[in-house]
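*Asks:* I have a structure I would like to understand better, so I am pasting it below and will then ask my questions one at a time.
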Amino acid sequence: MTVQLLAVLIYFLFYLKISRNSVFIFLLLLAFFLGSFSFVADNYRYYAPQSISNFQSQAKVLVKARLEIDPGDLSGSNYYLKVKELNKHNFRYGKIIVSKRCFDNYHSGDLLSLYLKLSLPQKQLNPGGFSYRNFLKQKQIYLQGWQPTNIKFLAASFDYRKLIIKLKSKFLDKVDLLFQDKNQALIKAVVFGERSALAKKEKSLLRGAGASHLLAISGLHIGILVFALQQFILKFFKQSKKTLFSLSLCLVIYILMIGASAAVIRAASLALLYLWSVELKRDTDFLNLLAVTLIINLIFDPAAIFKVSLQLSYLLVLGLYLLTPFLNKFLPALLAVSAAAQLAAFAITIYYFNQYNYIAFLTNIWLIPLFSFLLPFLFIIILISFLNITLASLGAIFAAKLLNITFALLTLMVKLQGKPLLFKTPPLFLVVIYYCLLFYLPLTFRHYQINFSLKTQQLKQITVLTAFIISLLIFSYQNNSQLLKVTYLAVGQGDGIYVEFPNGEKMIIDTGPPGKDNMGIAYTIIPYLDHFGIKNIDYLVISHFDADHVGGMPYLLKNKQINNIFIPPFKKPAKYHVWLNNYLSTHQQPKLYKLTAGQQLQVGQCQLSILNPLINKISSDRNANSIVILVNYKNNSFLFTGDLPASQEKRIIREYKLKKINILKAGHHGSNTSSCAELLKNLRPDLTVISVGRNNFGHPAPEVLSRLNKYNLKYLRTDQNGAITVLSNGSQLKIKTFLREEKKSKLIGQALPELLKAFVF
Amino acid sequence: MGLIEILKDLVYPEKAVCLACGRKYDHSEIEGICDRCLTRFSFITEGCPICGREVIPATLIAGEPCPECRAERPPFKLARSVFSYSGYAREILLEFKYGHRPDLAKPFADLLYLYYAEYLADKEIDFIIPVPMHGERKNYRGYNQAERLAAQLSQKTKLEYKDILQRVKNSLPLYTLTKKARKLELEGAFALKEEIKTDIFRGQNILVIDDIITTGTTAAEISHFILEIMQAENVYILTTASVPVKVM
């Protein structure tokens, strides 16, 4: 689907601009054919019988594999194992990702035998979420390996990576020698593509200032380097052929060193193709060469066409090529370049990341010239350091000053911007329309020598311009469905529920576990909210202060605007109480309220009744204090019970004489301490949602599941069904789970290659 | 070796060459003539509404017919020309006419087509007819440029091309003559080719193609012929160039 749409887009471009050049379309079609074919092949490999993705074992597995180290990511924490055998069975396809800790003594290319625990990577469970499984699958990594033991070295073999790594380590050592901590990391990232070297803080600084293209070594880098290198080498050889050969060689080694991304391959091959064209005495056509680089990219990485980096990179270049001359009519050159880049990046950025750092427009205006000087300068310093360390360190002092200024300016940019703009994920066709209009726009402003149809042209200009502006407006359009929407997100072992009331007000009940570096919430609730373009939360309810319910709160407060926060009363402050107290003493928002049984809230047409905790019976067991909310919307009712234990369940049933409800969130992640028979018997929920993830507590308890089955009650689990969304119009309910049958894609993966075979043979 | 050449052609395809100046170019509105050359043409967008010639100075007429058309209304319905016969454009046209450059017919026909689309597309034209050239002169020059233009244009417009006229009198080259002498010289110059029946032209709209309008004598004479002998309803004239009408 994506491919077809992209093909249509490209065809559209071609049709408008380059009808003379039949080679161009031929190349593009070739590229897309190659892309689709290898996509099918990739899928086949994943599902093939010889693929390790079919191998499943709870016990440790004897693995025979070749170690692969990515020279582009030496500071990262992972190595890869290209599998030969699992438990003595041969396997052909797939790699295993492992932590590099236990592999210090081995080199890339070594054949090893070891014992590993294997697991499939996490798949996407929530709308807007991240699929680690697909991310790895695109790199032909199908399994994760844990706890390696009994590592034995079998044989060494030649691997070009070993040489590259050796060379790169030498460079990196020099960087360590010349620069200090913070700059070290940045230089490693910016000059040698060691993204993992950067701390999270610096990464988010660069991203926030709209300078993430520096973070990922980009086409710009290569452009600057090729230009600098060319000048330099030309001085030595005075002969263009030798210069070209050495330049090409240097570039290839450098690309291998930094890890080839789509943008890098594009820029490098484009630069080389241009340089070689002079030697070959041939004309160049930009779009034609761009199509060639696309093919080269797809040869390196067939799945690249589905990756953000390639799509962004090519759209950016096309945007710069088509839009800059056009914008230059109205703006000075530097502004025009920056504006063209922003316009070209906008829709695709929104589509993938939802956030748009508009300050990038300003950042790039000063950053690119600065960088064009800084990058070759850093290179020269590092090269000089091999000859004369004193001279190099003098240069390094100067460079460090410049880098400090850069950091200060970047911080300023982030401050200037405040929060980035947030958009809900637009439908794909809107993105395609956006680019069609954007690239068509400059053509309507083309100057014609013979111009009768000035009026038609003006009409065209106005139509395209308005259509373009409308498409921009649609990106920011938020509609209100007039429904009550409750989404039980798959946050791992914990609770995280998003409620959107019919009047548009938004509530979050619990924030999931914190996870390492806030990964818990940062990969679940936040992307979900971003996906729907939600910036403000009116009510945040923390049912109780256990980490798996409150853990994401700090991150949520920092990233979204929360107006009110509801917590249960407590006896002894927990860790997060202290944190919240500190936070509230320095911030205006949110307002804090304590909820107790008997309180009523009216949100739009929804009635929220608080059933627990009792104000005079605050227990020292935090679970027993869980806020319990009954939401009534006309004839539909939802009960949210936190981690309420059975004793309290019985109490609320008796005290409030609760009768049938529609949706129950099973208390305490399906633990046997909750969801007692009395509760289930009385409530007879149409659906019970168990919010649960991988855990050591045995949630959900088999007893609870059998109890649900006994009363013939339907249930869904967030760990198996992904996010569960319930929509209510007050009388009818619609239930959607994020994970549907996986078989469909599997079927396509297997059927297509068979089909192809049938056609070919 | 062959494979490398094919690869080279794929990666670095040859660019088109401008037929007028011989240089390679990236992009142009008209296939075959580059943008740079086109800027040196003076295209007529506001000429006399009848004979389509540029009037110098243009402010004098402002939508009214030029003095020549006012003095004597030409027999054709209207005429249009692409550019004024002067400067660089004139050189290229002369090249086309006398320089044995039939390849220029294609870009010129493309230009004609633009003007056809603007002024004549709604006129319900039935046939395209070129101004004929005397056989001897055609032998000498190699081809009739008007025929080439008309044939190309008929391909683009999907209108029927009819080469039915012939020049029976090998008149003197008109550019040597005055307007009055031209008229005399052209009298009885046109005739139908043998065995051509005029029935199909009765009541039809005819588009006549020529390379240039100088004084409009040829256009008038051939129009008379088509209207009277062939009994056509209307005659329209489309030429690549025309000499401007100078108002003193």
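*Asks:* Taking the stated definitions as given, is B:TYR98 closer than 30 Å to B:LEU227 by Cβ, aromatic (Phe, Trp, Tyr) and open to solvent by 20 Å² or more (accessible area, probe 1.4 Å)?
*Replies:* no
*Asks:* A:LYS82 fails exactly one of the following numbered conditions: (1) in contact (Cβ under 8 Å) with a residue 24 or more places away in the chain; (2) in a strand (DSSP E or B). What is the number of that condition?
*Replies:* (1)
*Asks:* Residues of the range B:160-182 being open to solvent by less than 30 Å² (accessible area, probe 1.4 Å) and assigned to a loop (DSSP other than H, G, I, E, B), which ones?
*Replies:* Matches in the range B:160-182: B:ILE164, B:SER171.
*Asks:* Evaluate the following for A:LYS170: is it touching a Phe, Trp or Tyr at 6+ places or on another chain (Cβ under 9 Å), in a helix (DSSP H, G or I) and modelled with pLDDT under 85?
*Replies:* no
*Asks:* Consider B:ALA219 carefully, then state whether it is closer than 30 Å to B:GLU31 by Cβ, buried (at least 16 other Cβ atoms within 10 Å of the Cβ) and under 20 Å from the mean Cα position of the chain (by Cα).
*Replies:* Judged against the criteria, B:ALA219 is a match.
*Asks:* Also, quick follow-up: Please work out which residue is farthest from the other protein chains (Cβ to nearest Cβ), limiting yourself to the range A:438-458 and to residues that are outside any helix (DSSP H, G or I) and closer than 26 Å to A:PHE346 by Cβ.
*Replies:* Applying the filter and picking the extreme gives A:PHE445.
*Asks:* If I ask for residues that are free of Cβ contacts under 8 Å to residues at least 24 places away in the same chain and part of a helix (DSSP H, G or I), which ones from the range A:186-201 would you list?
*Replies:* Residue satisfying the conditions is A:LYS201 alone.
*Asks:* Moving to a separate point now. Give A:LEU343, A:LEU249, A:LEU318, A:LEU287 a once-over and let me know the one that is of a type outside the set (D, E, K, R), open to solvent by 10 Å² or more (accessible area, probe 1.4 Å), part of a helix (DSSP H, G or I) and within 14 Å of another protein chain (Cβ to nearest Cβ).
*Replies:* Being of a type outside the set (D, E, K, R), open to solvent by 10 Å² or more (accessible area, probe 1.4 Å), part of a helix (DSSP H, G or I) and within 14 Å of another protein chain (Cβ to nearest Cβ) holds for just one of A:LEU343, A:LEU249, A:LEU318, A:LEU287, which is A:LEU287.
*Asks:* When the residues of the range B:39-98 are filtered to those that are polar (S, T, N, Q) and outside any loop (DSSP other than H, G, I, E, B), which remaining residue is farthest from B:GLU221 (Cα to Cα)?
*Replies:* Here the answer is B:THR59.
*Asks:* Restricting attention to the range A:79-88, and to residues there that are crowded, with 21+ Cβ neighbours inside 10 Å and more than 23 Å from the chain's Cα centre (by Cα), which single residue is nearest to A:ASP159 (Cα to Cα)?
*Replies:* Ranking the candidates gives A:LEU81 first.
*Asks:* Within the range A:463-474, identify whether any single residue is modelled with pLDDT under 85 and open to solvent by 60 Å² or more (accessible area, probe 1.4 Å), and answer yes or no.
*Replies:* No - not one qualifying residue is present in the range A:463-474.
*Asks:* Which ones in the range A:397-422 are among the aromatic types (Phe, Trp, Tyr) and over 26 Å from the mean Cα position of the chain (by Cα)?
*Replies:* A:PHE398
*Asks:* Sticking with this one: Assess whether A:ILE627 counts as being within 26 Å of A:ALA547 (Cβ to Cβ), touching a residue at least 40 places away in the same chain (Cβ under 8 Å) and more than 34 Å from the chain's Cα centre (by Cα).
*Replies:* no
*Asks:* Collect the residues in the range A:92-121 that are open to solvent by 30 Å² or more (accessible area, probe 1.4 Å), of a type in the set (A, V, I, L, M, F, W, C) and touching a strand residue (DSSP E or B) at 6+ places or on another chain (Cβ under 6 Å), keeping them in residue-number order.
*Replies:* Of everything in the range A:92-121, just one residue is open to solvent by 30 Å² or more (accessible area, probe 1.4 Å), of a type in the set (A, V, I, L, M, F, W, C) and touching a strand residue (DSSP E or B) at 6+ places or on another chain (Cβ under 6 Å), namely A:CYS102.
*Asks:* What are the residues in the range B:8-26 that are assigned to a strand (DSSP E or B), among the aliphatic types (A, V, I, L, M) and either at the interface with another protein chain (Cβ under 10 Å from one of its Cβ atoms) or open to solvent by less than 30 Å² (accessible area, probe 1.4 Å) (or both), if any?
*Replies:* Listed by number, the list holds a single entry, B:ALA16.
*Asks:* Another question, then. Just to be sure, is A:SER313 hydroxyl-bearing (Ser, Thr, Tyr) and either at pLDDT 85 or above or open to solvent by 50 Å² or more (accessible area, probe 1.4 Å) (or both)?
*Replies:* Spelling it out, A:SER313 is indeed hydroxyl-bearing (Ser, Thr, Tyr) and either at pLDDT 85 or above or open to solvent by 50 Å² or more (accessible area, probe 1.4 Å) (or both).
*Asks:* Give just the number: which of (1) of a type in the set (Asp, Glu); (2) more than 19 Å from B:GLU29 (Cβ to Cβ); (3) within 14 Å of another protein chain (Cβ to nearest Cβ) does B:GLU118 not satisfy?
*Replies:* (2)
*Asks:* While we're on this one: On the given criteria, is A:TYR434 within 25 Å of the chain's Cα centre (by Cα), hydroxyl-bearing (Ser, Thr, Tyr) and either assigned to a helix (DSSP H, G or I) or more than 30 Å from B:ILE44 (Cα to Cα) (or both)?
*Replies:* When the stated conditions are applied, A:TYR434 passes them.
*Asks:* Moving on. Filter the range A:66-78 for residues that are open to solvent by 10 Å² or more (accessible area, probe 1.4 Å), within 13 Å of A:LYS139 (Cβ to Cβ) and under 21 Å from the mean Cα position of the chain (by Cα) and give the result.
*Replies:* Answer for the range A:66-78, where residues must be open to solvent by 10 Å² or more (accessible area, probe 1.4 Å), within 13 Å of A:LYS139 (Cβ to Cβ) and under 21 Å from the mean Cα position of the chain (by Cα): A:ASP70, A:ASP73, A:ASN78.
*Asks:* Being open to solvent by 30 Å² or more (accessible area, probe 1.4 Å) and part of a helix (DSSP H, G or I) is the filter; apply it to the range A:506-521 and report the residue that is nearest to A:PHE545 (Cα to Cα).
*Replies:* Applying the filter and picking the extreme gives A:ASN518.
*Asks:* Test of understanding: among B:GLU46, B:GLU29, B:GLU5, which residue is facing chain A (nearest Cβ under 7 Å), of a type outside the set (S, T, N, Q) and open to solvent by 50 Å² or more (accessible area, probe 1.4 Å)?
*Replies:* B:GLU29
*Asks:* Here's another thing I want to ask about it. When you scan the range A:523-539, do you find a residue that is open to solvent by 20 Å² or more (accessible area, probe 1.4 Å), within 18 Å of A:LYS558 (Cβ to Cβ), under 17 Å from the mean Cα position of the chain (by Cα) and without any contact (Cβ under 8 Å) to a residue 12 or more places away in the chain, even just one?
*Replies:* No, the range A:523-539 contains no residue that is open to solvent by 20 Å² or more (accessible area, probe 1.4 Å), within 18 Å of A:LYS558 (Cβ to Cβ), under 17 Å from the mean Cα position of the chain (by Cα) and without any contact (Cβ under 8 Å) to a residue 12 or more places away in the chain.
The values are calculated or read from the model by the stated rules, or taken from the named source; none is laboratory data. Keep in mind that this is a model prediction, so the values were computed, not measured. Here Cβ is always computed from backbone atoms with ideal geometry, including for glycine, and neighbour counts include all displayed protein chains. Remember, those area values only see protein heavy atoms, side chains included, never the ligands or the DNA or RNA. Shrake-Rupley method; radii C 1.70, N 1.55, O 1.52, S 1.80 Å.
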